[in-house]
Amino acid sequence: MAGNLHPDAQKWNEIFRQEGDAWLARQPRQLLLDYAAMLPRQGLALDAAAGVAIHGRYLAELGLHVIALDISEVGLRLARQRALAQGLWLEAAVYDLAHPWFPPDCFDVIVNFRFLERATFPMYLRALKPGGWLVFETFVRTDTAVPSPTHYLNPGELKAAFADWEIVHYADTAVQSPDCRLRQVEQLVARKPGVA
Ligand SMILES: C[S@@+](CC[C@H](N)C(=O)[O-])C[C@H]1O[C@@H](n2cnc3c(N)ncnc32)[C@H](O)[C@@H]1O
């Protein structure tokens, strides 16, 4: 069975097995809270690399139908259980975002927190409806002298990747992680070009 798992799934399954309750207790990141008032209250949302779907469940509380995707079935199971207990509309599927494919113009909102897979960038453009919202926050490397780790943005990379979009918010900033460490992140809130 383990041989069929995504190479990183075992690690994340173990993290969510050990620390699932702590993850479930976390609040959505401030970026999503800050822009929630501008997001639609109905339609379909994607929580990409959802983990236990902290952000997906928050969007479902706002009224959206949510699809949570992740390689960790342990994280997704916790997400589903909590969503069902809360009476929220949230479906979950094991899915490798390194090889994404989504139908065009189907999501109203996509959230991508603390995860980087560059292959998703063109797919987010394709999968959002015109006027749809992308809320993205992930780590940026601070030491530009060393080669970039795969899952860290290069400084300014997020802004450049979505330069053609209507950018509602962009920041390269330090935020506090749940373990109280300050981490450098890039934040982007942007709308897909086109008539809503
Ligand atoms: C730091 S956690 C962030 C979880 C969630 N977005 C949050 O902010 O709470 C990173 C997540 O990415 C997931 N992940 C790692 N590689 C993935 C891949 N190739 N496809 C989908 N999810 C992946 C992990 O299982 C984990 O849940």
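The values are calculated or read from the model by the stated rules, or taken from the named source; none is laboratory data. This one's a predicted model, so the numbers in the text were calculated from it and none came from an experiment. All Cβ positions, glycine included, derive from the backbone under ideal geometry; neighbour counts span all protein chains shown. In case anyone asks, the SASA skips ligands and DNA or RNA and just uses the protein heavy atoms, side chains included. Shrake-Rupley method; radii C 1.70, N 1.55, O 1.52, S 1.80 Å.
Points worth noting:
- Restricting the stretch 87-101 to residues that are hydrophobic (A, V, I, L, M, F, W, C) and open to solvent by 10 Å² or more (accessible area, probe 1.4 Å), the residue that is farthest from the ligand (Cβ to nearest atom): W89
- Only listed residue being over 26 Å from A37 (Cβ atoms) and away from the ligand (no atom under 16 Å from the Cβ), chosen from L153, L76, L84: L84
- Failed item in (1) more than 8 Å from the ligand (Cβ to nearest atom); (2) within 15 Å of the chain's Cα centre (by Cα), with K129 passing the rest: (2)
- Within the stretch 20-37, the presence of a residue that is more than 11 Å from the ligand (Cβ to nearest atom) and surrounded by 21 or more Cβ atoms within 10 Å (Cβ to Cβ) is excluded.
- Identity of the residue in the stretch 38-58, away from the ligand (no atom under 12 Å from the Cβ) and of a type in the set (A, V, I, L, M), that ends up most open to solvent (accessible area, probe 1.4 Å): M38
- Residues that are part of a loop (DSSP other than H, G, I, E, B) and either hydrophobic (A, V, I, L, M, F, W, C) or more than 19 Å from the chain's Cα centre (by Cα) (or both) do not occur anywhere in the stretch 167-178.
- Condition met for F139 (under 17 Å from Q184 (Cα atoms), modelled with pLDDT under 95 and crowded, with 16+ Cβ neighbours inside 10 Å): yes
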